[in-house]
Amino acid sequence: MTAPAAPGPLSEPPGRTMAREMAEQPAVLRRILSEGAPAIQDVARKIAARAPRFVLLTARGASDNAALYAKYLLEVRLGLPCGLTSMSTTTAYGARPDLTDVLVVTVSQSGGSPDLVASTRAAREAGAITLAVTNNPDSPLAEVSEHHIDIMAGPERALPATKTYTASLLALYLFVEGLRGGDGAPARVLPDLAEQLLNRQEEVRTLAARYRFAERMVITSRGYGYPTAKEAALKLMETSYIPALSYSGADLLHGPLAMVDNVSPVIAVVTDGKGGEALQPVLDRLRGRGADLVVIGPGHQVEQASAGFVLPTEGVAEEVQPVLEIIPLQLLAYEVTIARGQDPDAPRALAKVTETR
């Protein structure tokens, strides 16, 4: 997907900025692997030497989905127990838990949200090892954190996060691999495969026609794909305003399955690996209910659905597939929004830096 030269600001068509930033993702991934990896490895070595006993992950919005991906990595790859923080316990209630020898990782594209800064500062004062993962090394969050990882995505001007999301995933993957003494070699295939996916936009545009008039959508996955389902739902809601509900496949069976019918579309993100295997009973139940099921995943899974998008997962490690899975779903959110006559660059009522406290 090649972005042509930008026109003047008065002639900028809807979605031009988001399209351009999605197109930058292969270059961003290459930059992290070639230029950013040594610094990430260095941070990982320093933190590993302190042997944290627990990890807390702090984030909002798209970064929260990236943090959830890191939770899977840390628990599966390292066996470290992890939790997602509730910042209001610190910022609103003034709680001060003992965080000695706890690693607190705060993920934020801008590094400017006051509650992220305040909770990270409080965590450091409470004895935590603090790490900020941001797109802005000069941000307030980077300043209050003991360690920092720059995701090197470059300026992101469209309100929906695209390149900063995939950059965060890759940076977090390399960090976790560094903690366990790995070199992150499975990630080296990602830039070329991301480029291939972006060149298949016509396929996504055809798929988007199914959702132009959708009133509701359900997105489901399991394992490493679950953060992708949550991020895809966020992208669809903030750009096209379609209520998109994301569920772990296991949670979907515990009640929400009752709302699935043959009208409301269901998108299943099927990771090629143990997560996809765990999702199989859910896919069977969805087919049994006559759901309009679309699969994003391996070819044999797409063949059994109403429609789908085949991901190039052969030979790709399961833990890095989320970097690829989200790309066709970013494109889908973009194409659905354009088809509905809206501008994905500037969703109503949103700002690039959210001033939560």
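Considering only Thr120, Ala161, Gly182, and ranking their Cα positions along the charge dipole of the chain that arises from unit charges at the beta-carbon of Lys, Arg, Asp and Glu, the one farthest toward the positive end is Thr120. Surface composition of the chain: carbon plus sulfur atoms hold 51% of the accessible area, using a 1.4 angstrom probe and ignoring ligands, DNA and RNA.
Measure up Lys46/Lys230; Lys46/Lys274; Lys71/Lys274; Lys46/Lys235; Lys71/Lys235 against 25 Å on the Cα-Cα distance and list the ones that go over.
Values: Lys46/Lys230 32 Å; Lys46/Lys274 31 Å; Lys71/Lys274 16 Å; Lys46/Lys235 35 Å; Lys71/Lys235 21 Å.
Pairs exceeding the cut-off: Lys46/Lys230; Lys46/Lys274; Lys46/Lys235.
Computed from Cα positions, the angle between helix 114-125 and the longest principal axis of the chain comes to roughly 40 degrees.
Choose one of Pro312, Phe213, Ile151: the residue whose Cα lies farthest towards the positive end of the charge dipole of the chain (beta-carbon charges +1 Lys, Arg; -1 Asp, Glu; about the Cα centre). About the Cα centre, the residue reaching furthest to the positive side is Phe213.
Angle of helix 226-240 to the longest C-alpha principal axis of the chain, folded into 0 to 90 degrees and rounded to 10: 70°.
Working note: Karplus 6.51/-1.76/1.60 with θ = phi - 60° gives segment 314-323 the couplings 4, x, 9, 4, 4, 6, 9, 4, x, 4 Hz, where Gly and Pro are set to x. The figure for Phe54 is an accessible area of roughly 70 square angstrom, using a 1.4 Å probe on the protein chains alone.
Using the 1.4 Å probe convention, the accessible area of the chain works out to 40 Å² per residue with neighbouring protein chains retained. For segment 27-59, the residues whose backbone nitrogen is under 17 Å from a point 7 Å from the Cα of Glu75, taken along Cα to Cβ, are 53-59. Label separation (Glu35 vs Glu277): 4.1 nm, computed from points 7 Å beyond Cα along the C-beta direction. When semi-axes √(5λ) of the Cα gyration tensor in Å is computed from the coordinates, the matching label among [x] 46, 22, 16; [y] 31, 23, 20; [z] 39, 25, 16 is [y]. The GluC sites (Glu not before Pro) of segment 146-232 meeting both criteria, a DSSP state outside H, G, I, E and B (loop) and at most 10 other C-beta atoms within 10 angstrom of the site's C-beta, are Glu215.
The values are calculated or read from the model by the stated rules, or taken from the named source; none is laboratory data. Since the structure is predicted, the reported quantities are computational estimates derived from the model, not experimental observations. Reconstructed Cβ throughout: ideal geometry from the backbone, glycine too, with neighbour counts over all protein chains shown. Remember, those area values only see protein heavy atoms, side chains included, never the ligands or the DNA or RNA. Shrake-Rupley method; radii C 1.70, N 1.55, O 1.52, S 1.80 Å.
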